[in-house]
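This report concerns only the one structure given below.
FYI, it's all coordinate maths here, none of it is from the lab. Since we're looking at a predicted model, the values are computed, not measured. Here the Cβ is made from the backbone with ideal geometry for all residues, glycine too, and neighbour counts use every protein chain on show.
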Amino acid sequence: MTDTSIYLDHNASTPVLPEVLAAMLPYLREHFGNPTSGHAFGRRARAAVELARAQVAMLVGAAPDQLIFCSGGTEANNLAIRGVMSVRGDRRHLVTSVAEHPATAAPCTWLEGQGVAVTRVGLGADGQVREDELAAAIGDDTALVTLIHAHN
Ligand SMILES: Cc1ncc(COP(=O)(O)O)c(C=O)c1O
């Protein structure tokens, strides 16, 4: 990589702001307890996780107990997509797009193999999901619509 290189993949990985690093460092260096442990080290880490959960919830307009922290995108996508379809056993259809990241496309294809009907809507010339196609795809049997919000 030369000094003239331009990094165009911040959607996948990006450096944290200095204030984010400063907030995290104490928990990487000193307060490194396992937040699910009952001892004092764990309880201190747990308090920090719960504070972060409350702050993120406020940012996105959710209740803290609606947020689940995951180790990465693949885990989060599998948890959400397979999780929703497993609790909505009465509905056996999901809608996604033809432009999904493999971490989303793969669990959708896996569910298809389990008998779930999957509709993959297309994109217009502007790269946006076609709204009319999306609206037409959603039916009484649809449990989930999963679409990438920003693509790298
Ligand atoms: C939209 C999207 N979903 C999922 C992933 C996979 O994330 P991870 O590598 O954290 O599992 C990526 C990685 O680039 C991504 O861009």
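Using the Karplus relation 6.51 cos²θ - 1.76 cosθ + 1.60 with θ = phi - 60°, the per-residue 3J(HN,Hα) values for region 58-67 come to 5, 4, 9, x, 10, 7, x, 6, 8, 9 Hz, with x marking Gly and Pro. Within the chain, antiparallel bridges make up roughly 10 percent of the DSSP beta bridges whose residues both belong there. Per the Kirkwood treatment, what hydrodynamic radius in Å, one decimal, follows for region 18-66 from the mean inverse distance over all distinct Cα pairs? It works out to 11.5 Å. For Ala99, nonlocal amide neighbours, meaning residues 5 or more places apart or on other chains whose placed amide H falls under 5 Å from its own, do not occur.
The HN-Hα couplings worked out from phi for region 48-55 by the Karplus form 6.51 cos²θ - 1.76 cosθ + 1.60 (θ = phi - 60°) are 5, 4, 5, 5, 4, 4, 5, 5 Hz, whole numbers, x standing for Gly and Pro. Of the residues Ser13, Ile68, Ala137, the one whose Cα sits farthest toward the positive end of the charge dipole of the chain, with +1 on the Cβ of Lys and Arg and -1 on the Cβ of Asp and Glu, is Ile68. With contacts taken as Cα pairs under 8 Å at a separation of at least 6 residues, region 73-145 carries a relative contact order of 42 percent. Here region 73-145 yields Rg over Rh of 0.96, to two decimals, using C-alpha coordinates and the Kirkwood radius. Across the chain, the volume of the C-alpha convex hull divided among the residues equals 181 Å³ per residue. Coupling constants for region 144-152 follow from the phi torsions by the Karplus curve (6.51 cos²θ - 1.76 cosθ + 1.60, θ = phi - 60°), and in residue order they are 8, 10, 10, 9, 5, 8, 9, 10, 7 Hz; glycine and proline get x.
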